[in-house]
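Visitor: I'd like to ask some things about the structure below.
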Amino acid sequence: MARLFGTDGVRGVAGRDLTAELAMDLSVAAAHVLGDAGAFSATGQRRPVAVVGRDPRASGEFLEAAVVAGLASSGVDVLRLGVLPTPAVAHLTAALGADLGVMLSASHNPAPDNGIKFLARGGFKLSDAAEDEIERRLGEPWNRPVGSAVGRVREAYGEADRYISHVLTTVNGSLDGLNVVVDCAHGAAHMVAPEALVRAGARVEAIGARPDGLNINKGYGSTHLDKLQQVVVSRGADLGIAYDGDADRCLAVDHTGAIIDGDRIMAVLAADMKDQGTLAKDTVVATVMSNLGFKLAMREAGINVIETAVGDRYVLERMKAEGYNLGGEQSGHVIMLDHATTGDGLLTSLHLLSVVARSGRSLRELAALMTPMPQILINVKDVDRGKASVPELVDAVRAAEAELGETGRVLIRPSGTEPMIRVMVEAASEDQATTVAGRLADVVRVACCS
């Protein structure tokens, strides 16, 4: 049987793959695993507490009802946070002393999709082992609380201000004088992000901030930057910030409309933190997909780069294990572990804006410390992903790496879910990257045929 949990919770088309029944069953199992539900009646201890938040998708309404029902029927008290970003739910899980947190969102996916993401005590994402235990306990027999032992449900919409206040306390100085356009993707950040930026002192114009339950990520947000680019340039703004549907990541554009991706955002933050003496071990954690230009820029700045597998959970695991406080992905997931337990788009944007305000330099100038190398990605479909290390391909990769030298890189990565192998090549020129990637893709098609 296929594993329910993917790289970021359980996702699918709401009402078809992700049903109310599945949401309720998952919540019951999560209550048993994460909240020790059922034990309180015998021990006299307090009931477990859960916080539940969601993005504005229409399906979030029925899924939230199912999740709350599952938790409360398991003897868990529930605080309904309403529409909030994923990092806000993570922060409030810790700040309110909850035993678990639940976020309903499919991030940057279109509106018909939705997802359930569970958080452990302290607001951290679950380990693979915890997710496997929840799946194992789906549908198991259990003693159902009755009477005063059932969980109680309370609305806690006002807790959004606790999150806003928290992220504001992490920023040094004011954003006075900055003119910022913020794209909220018609998503979970549509209220808290503009308010936080205004309270920090910026002049803010918000776009993509009118969710109707069906328009999340539709033409707006971090996966659709063209509208933000147009508005920034037409208004003469200093820069623009774009969040995704659940606001656990952000991307930026400078005053000319040029895109500043997650690698360049991390580069700016890492250099600033090193200058201030706050970058732990003068090291930043990134994934193997980060641009070679990022690594070269960090080397020039005297900053070490530690690489992990693709996925912000792997970045976070390495940071926690080895005591680093900055890491992230090219996609805009940036983890500032001194202030958050997960990627936080609002927190990241506030700190990026703070560097701009304190330095008196434009985002374009600051981001120039990194020169992205041309990067070509080819997805070779309908091949045996298990053959990604066959001798013919290994030899071809070695030859390509020798040709590219220190100004290029090759990454061959099998898909985790499809019969596909990804070929990524970086080189000093786009022509060279395209040529080498095409050559390697041809080798994959022949050597890795299914």
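The values are calculated or read from the model by the stated rules, or taken from the named source; none is laboratory data. Since the model is a prediction, treat every value here as computed from it, not as a measurement. Methodologically, a virtual Cβ is constructed for each residue, glycine included, from the backbone with ideal geometry; neighbour enumeration extends over all protein chains shown. Quick note on the areas: whole protein, heavy atoms, side chains included, nothing else; ligands and nucleic acids left out. Shrake-Rupley method; radii C 1.70, N 1.55, O 1.52, S 1.80 Å.
Visitor: Which one of Gly245, Gly257, Gly240 is open to solvent by less than 60 Å² (accessible area, probe 1.4 Å), assigned to a loop (DSSP other than H, G, I, E, B) and touching a strand residue (DSSP E or B) at 6+ places or on another chain (Cβ under 9 Å)? Please lay out each step first, then the result.
Guide: Values: Gly245 fails: touching a strand residue (DSSP E or B) at 6+ places or on another chain (Cβ under 9 Å); Gly240 fails: assigned to a loop (DSSP other than H, G, I, E, B).
That would be Gly257, the only listed residue that is open to solvent by less than 60 Å² (accessible area, probe 1.4 Å), assigned to a loop (DSSP other than H, G, I, E, B) and touching a strand residue (DSSP E or B) at 6+ places or on another chain (Cβ under 9 Å).
Visitor: Looking at (1) surrounded by fewer than 20 Cβ atoms within 10 Å (Cβ to Cβ); (2) in contact with a Ser or Thr (Cβ under 6 Å, 6 or more places away or on another chain), can you tell me which one Gly302 breaks?
Guide: (2)
Visitor: Could you list all residues from region 21-59 that are at pLDDT 95 or above, more than 20 Å from Glu159 (Cα to Cα) and assigned to a loop (DSSP other than H, G, I, E, B)?
Guide: Within region 21-59, Arg57, Ala58 meet the criteria.
Visitor: Separate question: Can you list residue pairs whose Cβ atoms sit under 6 Å apart, with the first residue in region 318-343 being outside any loop (DSSP other than H, G, I, E, B) and the second being open to solvent by 40 Å² or more (accessible area, probe 1.4 Å)? Count only pairs 6 or more apart in sequence or on different chains.
Guide: Met319/Leu337
Visitor: A follow-up question, please. Scan Val68, Val102, Val76 and give me the residue that is over 19 Å from the mean Cα position of the chain (by Cα) and crowded, with 24+ Cβ neighbours inside 10 Å.
Guide: Working: Val68 fails: crowded, with 24+ Cβ neighbours inside 10 Å; Val102 fails: over 19 Å from the mean Cα position of the chain (by Cα).
Among Val68, Val102, Val76, only Val76 is over 19 Å from the mean Cα position of the chain (by Cα) and crowded, with 24+ Cβ neighbours inside 10 Å.
Visitor: Then there is this: Give Glu365, Glu392, Glu406 a once-over and let me know the one that is free of Cβ contacts under 8 Å to residues at least 60 places away in the same chain, open to solvent by 80 Å² or more (accessible area, probe 1.4 Å) and within 18 Å of Gly438 (Cβ to Cβ).
Guide: Details: Glu365 fails: within 18 Å of Gly438 (Cβ to Cβ); Glu406 fails: within 18 Å of Gly438 (Cβ to Cβ).
One residue alone meets the criteria, Glu392.
Visitor: Determine which single condition Gly158 fails, assuming it passes every other condition in (1) over 17 Å from Val28 (Cβ atoms); (2) outside any helix (DSSP H, G or I).
Guide: For Gly158, the exception is condition (2).
Matching residues to (1) within 25 Å of Asp238 (Cα to Cα); (2) under 19 Å from the mean Cα position of the chain (by Cα); (3) open to solvent by 40 Å² or more (accessible area, probe 1.4 Å); (4) not aromatic (Phe, Trp, Tyr):
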residue	(1), (2), (3), (4)
Arg137	no, no, yes, yes
Glu140	no, no, yes, yes
Ser148	no, no, yes, yes
Arg152	no, no, yes, yes
Gly187	yes, yes, no, yes
Leu197	yes, no, no, yes
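Visitor: Conditions first: (1) outside any helix (DSSP H, G or I); (2) under 27 Å from Arg144 (Cα atoms); (3) of a type outside the set (A, V, I, L, M, F, W, C). Glu64 passes all but one, so which condition is the exception?
Guide: With respect to (1) outside any helix (DSSP H, G or I); (2) under 27 Å from Arg144 (Cα atoms); (3) of a type outside the set (A, V, I, L, M, F, W, C), Glu64 is out only on (1).
Visitor: Filter region 345-396 down to the residues that are of a type in the set (A, V, I, L, M, F, W, C) and not in a helix (DSSP H, G or I) and list them by number. Spell out how you get there, then give the answer.
Guide: Within region 345-396, the subset of a type in the set (A, V, I, L, M, F, W, C) is 346-347, 350, 352-353, 355-357, 363, 366-370, 373, 376-378, 380, 383, 388, 390, 393-394, 396.
Correct list: Ala368, Leu369, Met370, Met373, Ile376, Leu377, Ile378, Val380, Val383, Ala388, Val390.
Visitor: Looking at region 225-253, I want the residues that are farther than 22 Å from Asp312 by Cβ and touching a residue at least 12 places away in the same chain (Cβ under 8 Å) and have a partner that is aromatic (Phe, Trp, Tyr) and open to solvent by 10 Å² or more (accessible area, probe 1.4 Å) with Cβ atoms under 9 Å, at least 6 apart or on another chain. Which pairs are those?
Guide: These pairs meet every condition: Lys227/Tyr220; Leu228/Tyr220.
Visitor: Just to be sure before I move on: is Thr371 open to solvent by less than 50 Å² (accessible area, probe 1.4 Å), within 26 Å of Arg264 (Cα to Cα), touching a helix residue (DSSP H, G or I) at 6+ places or on another chain (Cβ under 7 Å) and of a type in the set (Ser, Thr, Tyr) in the structure I sent? Working first, answer last.
Guide: Working: open to solvent by less than 50 Å² (accessible area, probe 1.4 Å): no; within 26 Å of Arg264 (Cα to Cα): yes; touching a helix residue (DSSP H, G or I) at 6+ places or on another chain (Cβ under 7 Å): yes; of a type in the set (Ser, Thr, Tyr): yes.
So Thr371 fails the test.
Visitor: Cβ-Cβ under 6 Å, sequence separation 6+ or interchain: first residue in region 141-160 and within 14 Å of Val51 (Cβ to Cβ) and touching a residue at least 24 places away in the same chain (Cβ under 8 Å), partner among the small types (Gly, Ala, Ser) and surrounded by 12 or more Cβ atoms within 10 Å (Cβ to Cβ). Which pairs?
Guide: From residues that are within 14 Å of Val51 (Cβ to Cβ) and touching a residue at least 24 places away in the same chain (Cβ under 8 Å), the pairs are Gly151/Ala72; Gly151/Gly75; Val153/Ala72; Tyr157/Gly82.
Visitor: Looking at this structure, is Tyr157 more than 18 Å from His351 (Cα to Cα), touching a strand residue (DSSP E or B) at 6+ places or on another chain (Cβ under 7 Å) and at pLDDT below 95? Walk me through it before giving the result.
Guide: Values: more than 18 Å from His351 (Cα to Cα): yes; touching a strand residue (DSSP E or B) at 6+ places or on another chain (Cβ under 7 Å): yes; at pLDDT below 95: yes.
Yes: the conditions hold for Tyr157.
Visitor: Here's something else I'd like to know. Residues in region 112-123: is at least one in contact (Cβ under 8 Å) with a residue 40 or more places away in the chain, open to solvent by 10 Å² or more (accessible area, probe 1.4 Å), part of a helix (DSSP H, G or I) and in contact with a helix residue (DSSP H, G or I) (Cβ under 6 Å, 6 or more places away or on another chain)?
Guide: no
Visitor: Can you pull out the residues in region 154-178 that are small (Gly, Ala, Ser) and either surrounded by 11 or more Cβ atoms within 10 Å (Cβ to Cβ) or closer than 15 Å to Val198 by Cα (or both)? I'd like the intermediate steps shown before the answer.
Guide: Within region 154-178, the subset small (Gly, Ala, Ser) is 156, 158, 160, 165, 173-174, 177.
If the condition is that a residue be small (Gly, Ala, Ser) and either surrounded by 11 or more Cβ atoms within 10 Å (Cβ to Cβ) or closer than 15 Å to Val198 by Cα (or both), then Ala156, Ala160, Ser165, Gly173, Ser174, Gly177 are the ones that fit.
Visitor: Can you find a residue in region 267-287 that is closer than 20 Å to Leu168 by Cβ, in a loop (DSSP other than H, G, I, E, B) and open to solvent by 10 Å² or more (accessible area, probe 1.4 Å)?
Guide: Yes.
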